[in-house]
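The values are calculated or read from the model by the stated rules, or taken from the named source; none is laboratory data. Keep in mind the model is a prediction, meaning the values are calculated, not measured. We place every Cβ from the backbone using ideal geometry, glycine too, and count neighbours over all the protein chains shown.
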Amino acid sequence: MKRTTVCLLISLSALLFICTGCNKEAVDGIYKPEKQIAKIYSTDMFENAGMFENMDVSETWTWNGDLLEKIVYKMSWGMIDDAMDNSTIDFPSISFSSINFYYDVDKLSKITADDGTVFSISYKGSKFDKIDIENKNQYLSGTFNFKHSNSKISEISYNETISAKSSKRSNVSINKMLEFLLPAQTSKILVKNVAYLAQNAIESKADGYKLKVVMKLS
């Protein structure tokens, strides 16, 4: 069996903070907001039509006391007139996806997504130790490992293995789930580079692959 191994090292001159709502004394994995989000509204702009679609609910958050249990994401599209050529643009009407959160007392221990992606979160004391990722539908498994300098994360490494049986790989759920654990820009850089290496491995027609990404923060 032919396998491909690829690696990437990323260095950032920035401090990484684990942001948990408005709590100034944040602890990894614990979310104690001053106010709870119930719904998030958004608009979509169609450049050809030069107009905004009506504002609609794009996310619905469900809570159990102070703990976030579930987020349902809604993509809503309709038919609009194209002002450029008087034609009609037709899009799929509505699609939904969701992610679910599970806790060990009040510490986040697992996140799951509709596409089968599962994050299992481990700690050393109050700090992130590792996050194991599995998606049986995509024959994918991976692990984020964390190193700390004092109270801050100084390095994140990611190792991924995907089986030759896999016919697809999606980054959407991984990106959404990481945004609840890491600053958005950090998670986007990680996911972007993992996706780039994975795509190169897929295009090389490797029978399964292993890849590694290391991000150092200072």
Review point. Under 20 Å from GLU69 (Cα atoms), assigned to a helix (DSSP H, G or I) and outside the structural domain of LYS74 (by TED's automatic domain parsing) - does that describe any residue in the range 190-209?
Key: no
Review point. Can you tell me how many residues in the range 114-133 are free of Cβ contacts under 8 Å to residues at least 24 places away in the same chain, over 24 Å from LYS74 (Cα atoms) and part of a strand (DSSP E or B)?
Key: 6
Point to revise | Residue in the range 162-184 that is touching a strand residue (DSSP E or B) at 6+ places or on another chain (Cβ under 9 Å), at pLDDT 85 or above, in a strand (DSSP E or B) and of a type in the set (A, V, I, L, M) present | key: no
